[in-house]
Amino acid sequence: MKNFHTTLLIFFTGFVSSSLFQVSVASIVSTGDFNKDFFVIWSPTHVNTSSDGHTRSLILDQESGSGFASNQMFLFGQIDMQIKLVPADSAGTVLAYYLTSDQPNRDEIDFEFLGNVSGQPYILQTNIFADGTDNREERIYLWFDPTKDFHSYSVLWNMHQIVLMVDMIPIRVYRNHADKGVAFPRWQPMSLKATLWNGDSWATRGGQDKIDWTKGPFIASFRNYKIDACVWKGNPRFCRAASPTNWWNLSWNQYSSSTLTSTQRRWFKWVRKYHMIYDYCQDNERFQNNLPRECSLPKY
């Protein structure tokens, strides 16, 4: 009987693993070629793409910044991108990597990398726009040098939560508390964008450190992206459904994407304890002791 149970466990584990693999493959909408999945939205002369389309760089100089956007729009899914940030003295530069609906009452999920003077750590600022409302910034210091090598920056977005991750470590969770009157991005499809631009009026030490143009051009590079998401076809019902294709909406016990796993929760607490430097939910002065409603609600 013991051998039978062992065999059954192995079979079940293999079946689930195989099923998950097939689900993931079925919902992948990216080709790995920047020329096929994205288009340049700002200054083509400042966007360089490798001959095979697998790597793309954005350039900022005194003439212009640069940017690109996805051809498709998405409603829920997971998006991963490997990025290597502007090296050396990057003060005043901002690299934004984000999802946005581009509507007047827009939804948006932001990674913003704020450059710094040489020897000082990069700041990663995240923000969430929901139905046109933002002011939900959080800031952390990254625990590695993001200019030395590529690192993965990911967004998991489903009906339950938004999770922002660095090398698959959750750094921020924004839970769906729409039933409690908290706006949550759940109706508007969003495109994926990346831009590199001059933010020296505010980005580094509140605008005290300006861009030193003699250190330019400033270059950030992208590769190995994966877009595993529901492509917008005009009907939100297809993207909101929990189905094998829309794996991110499933709630299968340990395979659930509806909340953080126990391991993810430990990492999340570690980031917030040792690397967080600003949390809007702690800024009573800014909100005049009337913090946004989600600040008093559970994150997972």
**Q.** Rounded, prolate or oblate (a/c below 1.5 giving rounded, otherwise prolate when a/b exceeds b/c) for segment 48-182 by Cα gyration tensor
**A.** prolate
Q) Rounded to the nearest whole Å², what accessible area per residue is found for segment 189-291 with the 1.4 Å probe? A) 57 Å²
Q) Relative contact order for the chain: what is it in percent, counting Cα pairs under 8 Å that are at least 6 residues apart? A) 25 percent
**Q.** Label-point separation, residue 259 to residue 141 (7 Å along Cα→Cβ), nm
**A.** 3.3 nm
Q. Based solely on its DSSP helices, what 222 nm [θ] is calculated for the chain when runs of n ≥ 4 H residues each add -39,500 (n - 2.57) and the sum is averaged over all residues, nearest 500 deg cm²/dmol?
A. -5000 deg cm²/dmol
Q.
Quick check: residue separation of residue 281 and residue 148 times 0.36 nm, minus the Cα distance between them. What number comes out in nm?
A. 44.7 nm
(Q) Run the reach check for residue 193 against lysines, Cα to Cα strictly under 24 Å, same-chain hits fewer than 8 apart removed. What comes back? (A) 36, 84, 148, 226, 233
Q) Just in segment 92-175: which trypsin sites (Lys or Arg not before Pro) are loop by DSSP and have at most 10 other Cβ atoms within 10 Å? A) 148
Q: Between the alpha-carbon centers of segment 202-247 and segment 66-118, tell me the distance in whole angstrom.
A: 4 Å
**Q.** Nearby aspartates and glutamates by direct alpha-carbon distance to residue 269 (threshold 20 angstrom, same-chain neighbours under 8 apart not counted)
**A.** 137, 138, 167, 279, 283, 294
Q: Using the heavy atoms of the protein chains and a 1.4 angstrom probe, tell me the accessible area per residue for segment 71-160 in square angstrom.
A: 32 Å²
Q: With a 1.4 Å probe and every protein chain kept in, tell me what percent of the accessible surface of segment 173-300 is carbon plus sulfur.
A: 49 percent
(Q) Pairwise over distinct Cα atoms, reciprocal of the mean inverse distance: report the Kirkwood radius of the chain in Å, one decimal place. (A) 20.4 Å
Q. Angle between the Cα long axis of helix 262-274 and the longest principal axis of the chain, 0 to 90 degrees, nearest 10?
A. 20 degrees
Q. What ranking do 217-230, 43-56 get when scored by the average of other Cβ atoms within 10 Å per residue, highest first?
A. 217-230, 43-56
Q | Theoretical FRET efficiency, 1/(1+(r/R0)^6), r = Cβ-Cβ of residue 120 and residue 237, R0 51 Å, to 0.05 | A | 0.60
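The values are calculated or read from the model by the stated rules, or taken from the named source; none is laboratory data. Predicted model, so just to flag it, every value in this text is computed and none were measured. Using ideal geometry, Cβ is built from the backbone for each residue, glycine included, and neighbour counts are taken over all protein chains shown. Ligands, DNA and RNA are excluded from the accessible area calculation, which covers all protein heavy atoms including side chains. Shrake-Rupley method; radii C 1.70, N 1.55, O 1.52, S 1.80 Å.
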